[in-house]
Protein chains: 2
Amino acid sequence: MSLPLLGWFRHYDKPTLAQDLGAALIVTLMLIPQSLAYAMLAGLPPEAGLYASILPLVAYGLFGSSRTLSVGPVAVLSLMTAATLGQLQLEGVHYLDGALALALMSGGWLLLFGLLRLGFVAHFISHPVMSGFISASALLITLSQLGPLLGVRLEGHQLQALGSLVRQWDAITLATVVISVASLTLLLWSRYRLKGMLLRLGVDEGLAASLVRLTPALLVMVAMLLSWGLDLGALGVALVGEVPSGLPAWSWPQWSALPWQALIVPSLLLSLVGFVESVSVGQTLAAKRRQRISANQELIGLGVSNIAAGLSGGMPVTGGFARSVVNFDAGAQTPAAGIYTAVGIALAGLWLAPWLGVLPKAVLAATIVVAVLGLLDWRQFLHTWHYSRTDFVALGLTFLVTLAVNVELGLLAGIAASLLLHLYHSYKPHWAEVGLIAGTEHFRNRLRHQVELDQSLLCLRVDESLYFANAGQLEDIVATLVSLRPEVRHLVLQCSAVNRIDASALDSLQMINDRLQLAGIGFHLAEVKGPVMDRLRQSSFLDRLNGRVFLTMYQAWNGLTTQPEYVI
Amino acid sequence: MSLPLLGWFRHYDKPTLAQDLGAALIVTLMLIPQSLAYAMLAGLPPEAGLYASILPLVAYGLFGSSRTLSVGPVAVLSLMTAATLGQLQLEGVHYLDGALALALMSGGWLLLFGLLRLGFVAHFISHPVMSGFISASALLITLSQLGPLLGVRLEGHQLQALGSLVRQWDAITLATVVISVASLTLLLWSRYRLKGMLLRLGVDEGLAASLVRLTPALLVMVAMLLSWGLDLGALGVALVGEVPSGLPAWSWPQWSALPWQALIVPSLLLSLVGFVESVSVGQTLAAKRRQRISANQELIGLGVSNIAAGLSGGMPVTGGFARSVVNFDAGAQTPAAGIYTAVGIALAGLWLAPWLGVLPKAVLAATIVVAVLGLLDWRQFLHTWHYSRTDFVALGLTFLVTLAVNVELGLLAGIAASLLLHLYHSYKPHWAEVGLIAGTEHFRNRLRHQVELDQSLLCLRVDESLYFANAGQLEDIVATLVSLRPEVRHLVLQCSAVNRIDASALDSLQMINDRLQLAGIGFHLAEVKGPVMDRLRQSSFLDRLNGRVFLTMYQAWNGLTTQPEYVI
C-alpha cells in the first residue's frame, strides 16, 4: 500500500490550490442533490448520502491514484443496495445497518483484491455484460422513481412495481405531479438546450457546461424556497423530512442481527461493478492528460473509501461518471479537490440540514431520472449486435435477467454466459489447409488466398490452443483430411496459433502421430512457439514423433515437397 | 438414428460366425463372475448384474458403432451407483428402484446427447481429471471390498468405512480370511505369472492370454464346489445367497417413491464417465483394425443399452476395458459376438442360478480387487506432474476430492478446475517482441532467437485470442513497451495467434489505437486471420486505424523499417 499523496503534495502551489478549490465548489453544489437523491434511491435516510460524501472522499484523496475521480454515492450502486436489502426484507435500523455492512464488506473485498494485486478480476465483467447491466439498471432506477414522481408508494421489486402503480392510480396527487413535470421539464431543457443557448449568448464553453451541470442544485434551492413558502407538505406532497444537522458519527452495524452471509455475494458484485465503473472513468480522464492510474492502487483507494463510508454512517460509494467529468472540466488538478469537496459537503451538512427537510421528494426523483437517462445506451446494443452475435447474447442475457429477475442474478448470468461462450468458441477450433503464397514465404488458407499446394504434403493450421475440450476435434480433422487425400505422404501442423498444449491434447497428438505412422504418413510440426516447445521437451512426445519440428512453414515446405504440382 | 447393423450384416458369413461365437464363449465365462461381483459392489442383488448383461448387450449390438466393445456392468459405474444410492439412504426395494432409475436416466442423457449430436460433451472431462477420478475410484472400490474380504459389514461412506473396520476387528472370521487370501493369491499369481509360464510351456500367445482372463471364472467354479462340499455357509462365511432362476422380466421403478430430482446430476455424471471410458476403449480397438467409431452413434448405442438395462431389472452399463480387449483378442468380428454373449449369460442365468447362491462373497470381492488394481495408474500422476503443473492440479484435486468427499463432487470439482485453469491461462497472455530471423521472412521472439530489430519499429506478437478477460492486459503491455522505447514510430501487432477478438477487446484495440495516435505512433496489424478480419470489417475499427493491415510481418517490416539498425 503506497500513498499517492506523496507524489503530488510536494509540488502543491497556489495556482493548483485555486484550481482545485474552484472545481471543489462546483462538485459540491452538484453532489448535494445527488447524495440526497441516491440515498432516497437506496431506500436510506438522506443523511446516509451526505455522510457518504464526506469521509470517503478524504480517504480516496489519500489512497486513490486518479487525480480527478469524484468519489461518492452513484446511481447503480444505490440501486444494487436497495435491491439487496429489499430482498433480505430488512426494516428500519436493520436496513441502515445492512447498507453500512454492504459498504464495509465491499470495501473489504476491494482492499483485499488491491493488496493481493488482483486488479484483473474486474476484467471478468466484459464490456457487453457491463453495458447490458447498466442499461437495465437505468430502466429499473427510472421505474423505481415513478413512485416519488407520482406521489405514491410502490410495492414489490423489479417490474412488479408497475402493477402496484396501476393499483394506486387514485392515490396520485396533482401537486406532486405538477412539481415532477416542472422539474423534469427544467432538467431536460437544461440538459439538451441550455448549453447551446448560453454559447449563443457568448458565454464561455467551460462556464456554460458547468452551469448546465449546476441546474439540479439550482432546482433544489428554488424547490426548497417554494416548498417552504407554499407549505407544499400541507398539500400532501411528500417531503424529504428531517435531516439531522451535524457531522457524521462513528458507526458500526449490529452484525449479530444481520444475515451477513447473504451479503457476501452481493457485496462482491457491488465492489466489482463499482470498480469497473470507476476505473473506466478514471482511465479515460487520466489518458486525456497523459497520466496513468494503477488498477491495484484504485482498488485500495476505493476499498478504504467504502470502509470509511461504512464507519461513518454512509452508503457504498465509487467514482461517479458525470461528477468526475465535471471535476475534470472544472480544472481539478489533484485529489485535494476531492478533500475540499468533502469539506464543502460537511459544511452543507452543518448549515443546510435544517432547510433540506422541506425539499419535495419528487424533485430528487426528477434529478435521478434525468441523470440515468444518459446510462441507457441503445447504440451499444446495435454495435454489439453488428460486431458479434456471441457478445450480443451475453449483453442481452444480462439485460433481460437484470430487468426481469434481479440485478445480482443478471450480473452473475452475464459473467457466466460470457465465460461459457468463450469456452464454446475454443472447443470447436477454426482450422484451415494452408498453402504457400507465391513470391513470399508465407502460408495462408487455400480457400481464401491464391496459394501453391503440393500433392504429397498436407499443411494444416489449427487456430486454437490445444486442450482437453478440443483435442478430440483435432484427431477427427486429421483423420478426415487424410482419408480424403490418399496421396498425402507428410502432414505439417502449423502451430503459430497454438499457445498451449495440455496433457489431454498431448495424448491426442500422440494418438495422431501413431495413427499417421501406421498409415505411412510423416507427422511434422512447424512454427511451434518457445513456451510450447519447452513444454513438449518435458514429455517423450518429440522422441516418438514420426517426423521433424521445423522453425518455419517455409522450411518444412522446402524440406518435404517434391515440387509444387498444382496451383489453385 | 441409424442401424449400424445394416452395415455388417450383409457380409455375415460362416467364418465370421465361428470367430464371433468363440469370442462370445470366452467373454461369457469372464462376464459371469464380473456381473455378480459388480452387482455386489453396487450393493445390488446378484441378478441385477446378470440382467444387465443380457438385454443391454443385444441393444448395443443393434445400435452401437464399435464392433468389439463388450458392454455390461463395470467397476467404476458400480461404485458411482453405490455412492449415489448410499447418499440418498434408499433401502430395500427402493434401493433397487434407484439403480433402475439411474440406468434409465443415464440412458436418457446418453440418447439425448446422441440425438442432439453432442458427442463433444465427453471432452469436458480432461484426461488428467479422468485419470485422477479412476485412480481414486479404484482405491475406494478396494476399500469397499475389505468388508466382504474380511467377513464384516462396513458402515459409512468413503474413508469412514476404515474406522468401522477397526471397530469390528473381532468380528473377522478366519474361514473368510482363508478364502480371501487363497483367492487373491491365485488371481494375482495368474495375473502376473501364469502367462509367462504357459508361454514357456509352449502354449500359443493368444490362448495363454485367454486362459489368464478366464482364471476368475475357474476360481468361481472351484469355490462353488468347495463351498457346497465343505458347507462353508455353516462356518460363518457370507455367501451370495439365492439367485432367482430365469430370464429378466419387465421392470419400471416406482418414481413417486424416489427422490429422482436428486438423481439428475449423478445420472449425468454416470453417463459421462461411462461414455468417456467406453469411447476410449472403443477408439483404441477400432484404430487397431483401421476401423472408425462414431461418437454420436456410440452415445445412442450406450443410451439404448442403459435404457434396456433399466427396463429389464439391470444396473447401469457401459463398455468395459478388460472385457473388450478380451473380446477383441479372442477374435470378435462384429457386434453379433455381443448378442451371442447375451445368449450365453441368459443360459447361465437359467441353468447356473441355483448353484451360484453357494458362492462365497469373499471370492467375488477378490476378483473385484484384482480387476481394479489395473486402474490405479501412478505413472500417469508422474507424467502429468512432469508435463504440466496445471494439469496436475486438476488431476490431484479430482483424486483428493473423490477420495475424501465423494465421487460426484470429485468429478465436478475436476471439471470445474480444469475449465477455470484453462481460462486462467488465457487471461494472462504470453507475448513477445519479435524480430526478423536473418535469411528468412520469419519473425520470432527476440529473447529466444538471433533476430534483426529496427529502432523505430516495435513488432509485438501476442499469443492469445483477445477477449474481455485479457484485453486490459494488452493495453498495459503496449503502454509499457511504448513508454520504454521513446524512439518507436510504428507498432506492428502480429496477429498469427489471435483467433478471435471480442467486443471488449475491440474496445481495447480502439483505445490503444487512439493513445498511440496521440503519441504519434502508427498502429499496424499483420497476419490477421480470415475469420478475424471478416469480423473487424463489421466494425468501424479499420476505418479509424492509424496504420495499415499487412498480409505478412515481412511486408510490414519492408514497408515500415528505415533500415535494420542493430542486431542482437
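The values are calculated or read from the model by the stated rules, or taken from the named source; none is laboratory data. Note that the structure is predicted; figures quoted are calculated from it, not measured. Quick reminder, even Gly has a Cβ in these numbers, built from the backbone with ideal geometry, and neighbours come from all protein chains shown. Accessible surface is based on the protein model in full, side chains and every heavy atom, while ligands, DNA and RNA are left aside. Shrake-Rupley method; radii C 1.70, N 1.55, O 1.52, S 1.80 Å.
Below are the figures for this structure:
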read-out: Within 10 Å of each Cβ in B:122-130, the average number of Cβ atoms from other chains; value: 5
read-out: FRET efficiency, 1/(1 + (r/R0)^6) with R0 60 Å, evaluated for B:Arg10 and A:Leu382 via beta carbons; value: 0.55
read-out: Percent of Cα pairs exceeding the 19 Å cut-off, where the set is the stretch A:68-179; value: 62 percent
read-out: Largest-first ordering by accessible area, 1.4 Å probe, given options A:Ile368, A:Ile415; value: A:Ile415, A:Ile368
read-out: Simple spin-label estimate for A:Leu481 and B:Asn558 in nanometres, 7 Å along Cα-Cβ; value: 2.7 nm
read-out: Intensity falloff of the protein assembly as shown expressed as log10 I(q)/I(0), Debye formula with alpha-carbon point scatterers, at q = 0.05, 0.08 Å⁻¹; value: -0.46, -0.98
read-out: Exceeding the 27 Å Cα-Cα cut-off - candidates A:Lys288/A:Lys529; A:Lys428/B:Lys428; A:Lys14/A:Lys195; value: A:Lys288/A:Lys529; A:Lys14/A:Lys195
read-out: Shielding by partners, peptide B:173-185 (average Cβ within 10 angstrom, other chains); value: 0
read-out: Solvent-accessible surface (1.4 angstrom probe) belonging to A:Glu475, in square angstrom, nearest 10; value: 20 Å²
read-out: Residues A:Arg200 and A:Arg289, FRET efficiency given R0 of 35 Å [Cβ-Cβ distance, rounded to 0.05]; value: 0.70
read-out: Overall dimensions of the stretch B:297-406 as given by Cα atoms, namely Rg and Dmax in Å; value: 18.9, 54
read-out: Accessible surface, per residue, of chain A when the full set of protein chains is kept, probe 1.4 Å, Å²; value: 41 Å²
read-out: Per-copy distances of the B:Ala175 label point, shortest first, in nm (7 angstrom along Cα→Cβ); value: 9.9
read-out: Two-decimal Rg to Rh for the stretch A:2-83 - Kirkwood Rh, Cα set; value: 1.05
read-out: Segment A:Gln450-A:Leu409, extension gain: residue separation times 0.36 nm, minus the distance between their alpha carbons; value: 9.8 nm
read-out: Compactness of the stretch B:428-567 as Cα Rg over 2.2 N^0.38 Å, two decimals; value: 0.97
read-out: Label distances, nm, A:Gly236 versus same residue in remaining copies, Cβ-directed 7 Å point; value: 9.1
read-out: Area accessible to solvent at B:Trp252, 1.4 Å probe radius, in Å²; value: 140 Å²
read-out: Cα-projected label distance for A:Leu159 with A:Leu25, points at 7 Å along beta-carbon direction, nm; value: 4.9 nm
read-out: Protein accessible surface hidden between B and A, which excludes ligands and nucleic acids, total in Å², probe 1.4 Å; value: 6000 Å²
read-out: Where B:Leu5, A:Leu41, A:Leu211 fall by accessible area, highest first, once all protein chains stay in place (1.4 Å); value: A:Leu211, B:Leu5, A:Leu41
read-out: Chain B: calculated mean residue ellipticity at 222 nm from DSSP helix runs of at least 4, using -39500 (n - 2.57); value: -19500 deg cm²/dmol
read-out: Where labels lie 7 Å past Cα in the beta-carbon direction, separation of A:Ala438 and B:Leu235 in nm; value: 8.8 nm
read-out: Order of exposure, largest accessible area first, which applies to A:Arg10, B:Arg535 with probe 1.4 Å; value: A:Arg10, B:Arg535
read-out: Fraction of accessible area attributable to carbon and sulfur, the stretch A:428-567 (%, probe 1.4 Å); value: 49 percent
read-out: Shielding by partners, peptide A:384-394 (average Cβ within 10 angstrom, other chains); value: 4
read-out: Nearest-10 value in Å² for the accessible area of A:Asp391, using the 1.4 Å probe; value: 10 Å²
read-out: Using a 7 Å Cα-to-Cβ projection, B:Trp250 label spacings across copies, nm, ascending; value: 7.9
read-out: Using a Förster distance of 60 Å, the FRET efficiency for B:Trp189-B:Ser256 (Cβ separation, nearest 0.05); value: 0.75
read-out: Vicinal HN-Hα couplings computed from phi for the stretch B:16-33 (Karplus, 6.51 cos²θ - 1.76 cosθ + 1.60; Hz; Gly/Pro x); value: 4, 4, 4, 5, 4, 5, x, 4, 4, 4, 5, 5, 4, 4, 6, 6, 4, x
read-out: Shape call, chain A: gyration tensor on alpha carbons, a/c limit 1.5; value: prolate
